[in-house]
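Encoded as structure tokens, the structure appears first; notes follow it.
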């Protein structure tokens, strides 16, 4: 293992958006087995500390690679297209209008069925956006556009959390 490796190199997978979750999980288990601190018990405390650092590094890489949103953001960053979600919130008008419609629908939701219908709509939009991300990253290699798509997906992820909170409110 090389400390200079990016997450994809560390896991031995192509540096692309499309990934096999099962393959990632298998690589994670194999890497964790190699770096487990108990394997270095006879080599002393220093070797165990290094193994622990590797274990943390492997876990962090796995968290990035297994999550499509984090993986897309990581690919953008690797290709000099920073997400800058904290200071770049510009979105296309159509997307903002859709967000406003979703917010209104969430506020007006009075039943579990209303929330389920909205959740299905948001899930469908998320799937379409992830497919677009894959196209932008793996085919077109348009990392700047992909970064904008990632920022939009972050909005959708936050809104999904709002749906869950609203569902809890109705359940009380």
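The values are calculated or read from the model by the stated rules, or taken from the named source; none is laboratory data. In this text the structure is predicted, and so the values were computed from the model without any measurement. Neighbour counts run over all protein chains shown; Cβ positions are idealised from the backbone, glycine included.
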Kindly check whether there is at least one residue in region 112-129 that is surrounded by 15 or more Cβ atoms within 10 Å (Cβ to Cβ) and either outside any helix (DSSP H, G or I) or on the phi > 0 side of the Ramachandran plot (or both). no
Does residue 152 satisfy the criteria of being under 18 Å from the mean Cα position of the chain (by Cα) and in a helix (DSSP H, G or I)? yes
Under 30 Å from residue 132 (Cβ atoms), modelled with pLDDT of 95 or more, crowded, with 16+ Cβ neighbours inside 10 Å and under 16 Å from the mean Cα position of the chain (by Cα), is that true of residue 20? no
